[in-house]
Amino acid sequence: MTILIREAVENDVEGIARVHVQGWRESYKDFLSPEALAGLSVEERMQMWQGSFRQPNPRARLLVAETDEGEIVGFARGAPVRRGEGSDWLDAEAEIAAIYLLDEVKRRGIGRRLMRGVLDHLAAQGFRSVGLWVLKDNLPARRFYEALGGTAGAEQSFDLRGQMVVEVAYRFELTPLL
Ligand SMILES: CC(C)(COP(=O)(O)OP(=O)(O)OC[C@H]1O[C@@H](n2cnc3c(N)ncnc32)[C@H](O)[C@@H]1OP(=O)(O)O)[C@@H](O)C(=O)NCCC(=O)NCCS
């Protein structure tokens, strides 16, 4: 299977929302309650992702991973850090707001390609550091961020769909593109 990494377009909203929901269900089943996972809705996620096309931010980047049959199997978004939305304590100028792959395509270097594409864009926009929050128990993702050069920092408790979870911040230093 060949996987293409490309810039997302508005038509991808449904595929992104589907991966978002299925990705949570597959990857978070050990961390979140069955009720929280059952309550996820593709419709709700579509509305959320639609918003990023309604108010496009040229400094942000949303990439999708697509199979040669046109199926979206992963995506990642990087953007200036959000203020006042729980990200205040991320000690970074930009953030990885989301990165999700379906189980069937994990561990083939696609996450690395998505991150590279997003980080390169953020560096080109002049950001010098990128942060993100990851569930403390999400060891596969933490090993991934560490393999890519991220360093762990602050922790915070967070109410995720009615469940208290602990998250760890990771930070990446970006080299300015001259
Ligand atoms: C985290 C995620 C994006 C990684 O993407 P991926 O395509 O599977 O990872 P890659 O194949 O690019 O891996 C790159 C390197 O990261 C490390 N890595 C990736 N997955 C790992 C795992 N499960 N265990 C240990 N190390 C891992 C390895 O060093 C790997 O290099 P290698 O395969 O040559 O050993 C993907 O697993 C995912 O979508 N997970 C579920 C959603 C999620 O948790 N997102 C993070 C939310 S904050």
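Here, each number is a calculation from the coordinates, and none is a lab measurement. For clarity, every value in this text was computed on a predicted model and none was experimentally measured. Quick reminder, even Gly has a Cβ in these numbers, built from the backbone with ideal geometry, and neighbours come from all protein chains shown.
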Notebook entry, point to check: When ranked by the protection proxy of mean other Cβ atoms within 10 Å per residue, highest first, what sequence do the peptides 34-47, 115-128 form?
Noted result: 115-128, 34-47
Check: What shape does the chain have by the C-alpha gyration tensor, where a ≥ b ≥ c are the square roots of the eigenvalues, rounded means a/c under 1.5, and otherwise prolate means a/b greater than b/c and oblate the rest?
Finding: rounded
Check: Taking segment 84-163, how much of its Cα-Cα pair set, in percent, is spaced more than 16 angstrom apart?
Finding: 57
Margin query: Could you sort the peptides 54-60, 162-168 by per-residue average Cβ neighbour count (10 Å cutoff), highest mean leading?
Written below: 162-168, 54-60
